[in-house]
Amino acid sequence: MNAKQSDTLDLASLNQLARQALLRYPVAFHGQLSLLCRSENATFLVRGDGGIRFALRLHRGDYHQRDEIESELAWLDALRAHGITVPEAICASDNQRVQTLPVSATENRHVVLFRWVEGDMPTTDVDPQAFAQLGEITARLHQHSRHWMAPVGFRRIVWDNDTMVGPQGHWGRWQDAPGLSEQDFPLIEETLAQIRSVLHDYGKNAQRYGLIHADLRLTNLLLHNGETQVIDFDDCGMGWYMHDAAAAISFVEHHPRAVEWIEHWLRGYQKVCPLSEADLAVIPTMIVQRRIQLLAWRGSHVTTEMAQSLGNEWEAESLKLCRDYLATVYAQQALA
């Protein structure tokens, strides 16, 4: 699947669709709509009577099919039954949790309404302990994934080297990142060759590869009463478990505190699930692969506020990460 990138509908059209979607739910779930964020999807805050709140997710077209969204909700149900706090979808008046609205004669949009999850979104000023809590939660997700028997018909997106950074990647081509020029391509291609070699050797056995969140970054965390809670499972799918470590520092892999954040994440993770030397060794590769995947994301979402907020030096910082990665790999090879 090579999805069309970023939503083409204007804000007025998105608001109109969101209002139409709410009419499919009982009156108790109606309220005032306001746009919270717009990335892969448009997410609205719904303010109901008495201060009650909900989150309405309006999916963009040509990304996830209805059965894939139902599969996401099935995993969320199983995680809640296992005692993990995750978002809960609400049934509409027809007792269905995924609603499909026509946009035109040839296009539909899917909508899901969730109960509100309390908490504040952390920033890069966050206490590193939040990453330890995130690591612990991530380990619990992975632990559940390894043992859960998915229902018949379960289908989610696949996140591997080809679909993340290949020519037909889900988020487009890394070559389209706005701050890159053709003279930068050989460095990234050399980096990708090393990444492919490392991941080929690492493999995809059931202890290393399975159902993951795939986007556990700061904007998908909520801090509440000292606890870190995970939201937005829209990109959950089949991938390497250690990709979730890389995703934890998405977009800020170059930050001076990134190493400290990963160390805390690992400390929390290993309170639940011990990691092998091979797992630990592959994390730098996962981090650089994620950054190149995000280059593709920025290129295909260049008109979005989030992509523009990364600044003019973000690609240069990405290239430095590639150079540093290759220097470390070649130094290790020289010592082998």
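Using a simple spin-label model with pseudo-atoms 7 Å out from Cα toward Cβ, R196 and T100 lie 3.7 nm apart.
Segment R19..L36, full-extension length gain: 4.6 nm, with 0.36 nm per residue of separation and the alpha-carbon distance subtracted.
Students often get this wrong, so try it: which of (i) 1.68; (ii) 1.03; (iii) 0.96 is Rg/Rh (Cα atoms, Kirkwood Rh) as calculated from the structure shown? Correct label is (iii). Residues in the stretch 85-179 average 48 Å² of solvent-accessible surface per residue, probe 1.4 Å, ligands and nucleic acids excluded.
Tell me the relative contact order for the chain as a rounded percent, counting alpha carbon contacts under 8 Å between residues six or more apart. The partial results should precede the final answer.
Details: 539 pairs, mean separation 67.9, N = 336.
Worked out over the chain, it gives 20 percent.
Scalar couplings 3J(HN,Hα) for the stretch 266-272, obtained by applying the Karplus form with A = 6.51, B = -1.76, C = 1.60 to θ = phi - 60°, are 5, 4, x, 4, 7, 5, 9 Hz; x denotes Gly and Pro.
Among F185, F44, F29, whose mean-square fluctuation peaks in a Gaussian network model of the chain (Cα, cutoff 10 Å)? It is F185. Highest mobility in the GNM of the chain, judged by mean-square fluctuation with C-alpha springs under 10 Å and restricted to D279, D125, D215, is found for D125. Rounded to the nearest Hz, the phi-derived 3J(HN,Hα) couplings of the stretch 292-300 under the Karplus curve 6.51 cos²θ - 1.76 cosθ + 1.60 (θ = phi - 60°) are 5, 4, 6, 4, 4, 4, 5, x, 8, where x marks glycine and proline. Shown in residue order for the stretch 89-100 are the 3J(HN,Hα) couplings computed by the Karplus curve 6.51 cos²θ - 1.76 cosθ + 1.60 at θ = phi - 60°: 7, 10, 6, 7, 4, 8, 6, 10, 8, 9, 9, 10 Hz (x for Gly and Pro). Calculated accessible area for the stretch 1-79 comes out at 45 Å² per residue, all protein chains present (probe 1.4 Å; ligands, DNA, RNA ignored). Applying 0.36 nm per residue to the separation of F185 and D10 and subtracting their alpha-carbon distance, the gain on full extension is 59.6 nm.
Taking a ≥ b ≥ c as the square roots of the eigenvalues of the Cα gyration tensor, the stretch 138-209 is prolate, since a/c reaches 1.5 or more and a/b is larger than b/c.
Stretching V302 away from A81 to a fully extended chain increases their span by 75.7 nm, per 0.36 nm per residue minus the current alpha-carbon distance. The stretch 44-91 to the stretch 140-181: how many Å between their Cα centroids? What the calculation gives is 20 Å, centre to centre.
Using a 1.4 Å probe on the protein heavy atoms, what percent of the accessible area of the stretch 163-212 belongs to carbon and sulfur? All intermediate terms of the calculation are to be shown ahead of the outcome.
Working: 1220 of 2510 Å².
After summing per-atom areas, the C and S share lands at 49 percent.
Counting only protein heavy atoms and a 1.4 Å probe, the stretch 207-257 has 28 square angstrom of accessible area per residue.
The values are calculated or read from the model by the stated rules, or taken from the named source; none is laboratory data. Everything numeric in this text was worked out from a predicted model, so none of it was measured. Don't worry about glycine lacking a Cβ; one is built from the backbone with ideal geometry, like all the others, and counts go over all protein chains shown. For accessibility, only protein heavy atoms count, side chains too; no ligands or nucleic acids. Shrake-Rupley method; radii C 1.70, N 1.55, O 1.52, S 1.80 Å.
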